[in-house]
1. Looking for something in contact with an Asp or Glu (Cβ under 8 Å, 6 or more places away or on another chain) and not hydroxyl-bearing (S, T, Y) - is there at least one such residue anywhere in the range 28-39?
2. What are the residues in the range 33-81 that are more than 22 Å from G94 (Cα to Cα) and of a type in the set (V, I, T), if any?
3. Starting from the range 1-13, keep only residues that are touching a residue at least 24 places away in the same chain (Cβ under 8 Å) and of a type in the set (A, V, I, L, M, F, W, C), then list their pairs with residues that are outside any loop (DSSP other than H, G, I, E, B) and open to solvent by 60 Å² or more (accessible area, probe 1.4 Å) whose Cβ atoms are within a distance under 8 Å, requiring at least 6 positions of separation or different chains.
4. Only residues that are within 12 Å of the chain's Cα centre (by Cα) and not charged (D, E, K, R): list them for the range 42-55, please.
5. Within the range 37-52, identify whether any single residue is in contact with a helix residue (DSSP H, G or I) (Cβ under 9 Å, 6 or more places away or on another chain) and free of Cβ contacts under 8 Å to residues at least 24 places away in the same chain, and answer yes or no.
6. Identify, please: which residue in the range 61-101 is polar (S, T, N, Q) and at pLDDT 95 or above and is, among those, nearest to L49 (Cα to Cα)?
Amino acid sequence: QEIRTKFGAPITVNNWHTGGILNLSGYRPPECKLGAWKSQHKQFAAADLHQSIMSQEEFKAFLIGNFDYFKKYGLTRIEANTVGWTHIDMLYTGLNYLYEF
């Protein structure tokens, strides 16, 4: 929610409950075959963010540029080379910047 508030525009994680097609962009149960078996999604520590206000690269730059604000909520990593969404998670890195992997 803090990302939505600071961004000032809608960000969707899952929307299946309103008839959309997104249902595994947040938590994934252990038996889910999507992603790695130790995925941060399966630890309640990741989300794939969908927004339509700016390009994906601009959105990543927004997250990176506001890292000092978001780190207090546990944000540590952002995935490179995703298409149509931006993956963020809270896997501990020990770094004082948003690690792009």
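The values are calculated or read from the model by the stated rules, or taken from the named source; none is laboratory data. What you see is a predicted model; the values in this text were computed from it and never measured. All Cβ positions, glycine included, derive from the backbone under ideal geometry; neighbour counts span all protein chains shown. In case anyone asks, the SASA skips ligands and DNA or RNA and just uses the protein heavy atoms, side chains included. Shrake-Rupley method; radii C 1.70, N 1.55, O 1.52, S 1.80 Å.
1. First pass over the range 28-39, keeping only residues in contact with an Asp or Glu (Cβ under 8 Å, 6 or more places away or on another chain): none.
Within the range 28-39, not a single residue is in contact with an Asp or Glu (Cβ under 8 Å, 6 or more places away or on another chain) and not hydroxyl-bearing (S, T, Y).
2. Correct list: I53 only.
3. From residues that are touching a residue at least 24 places away in the same chain (Cβ under 8 Å) and of a type in the set (A, V, I, L, M, F, W, C), the pairs are I11/R4.
4. Looking only at the range 42-55, we keep the residues that are within 12 Å of the chain's Cα centre (by Cα), and these are 44-51.
Correct list: F44, A45, A46, A47, L49, H50, Q51.
5. Going residue by residue through the range 37-52, those that are in contact with a helix residue (DSSP H, G or I) (Cβ under 9 Å, 6 or more places away or on another chain) are 46-49, 51.
Checking the rest, the ones that are also free of Cβ contacts under 8 Å to residues at least 24 places away in the same chain come to none.
No, there is no match, as no residue in the range 37-52 is in contact with a helix residue (DSSP H, G or I) (Cβ under 9 Å, 6 or more places away or on another chain) and free of Cβ contacts under 8 Å to residues at least 24 places away in the same chain.
6. First pass over the range 61-101, keeping only residues polar (S, T, N, Q): 66, 76, 81-82, 86, 93, 96.
Then drop every residue that is not at pLDDT 95 or above, which leaves 66, 76, 86, 93, 96.
Working: N66: 16, T76: 15, T86: 5, T93: 21, N96: 22 Å.
In this case the residue turns out to be T86.
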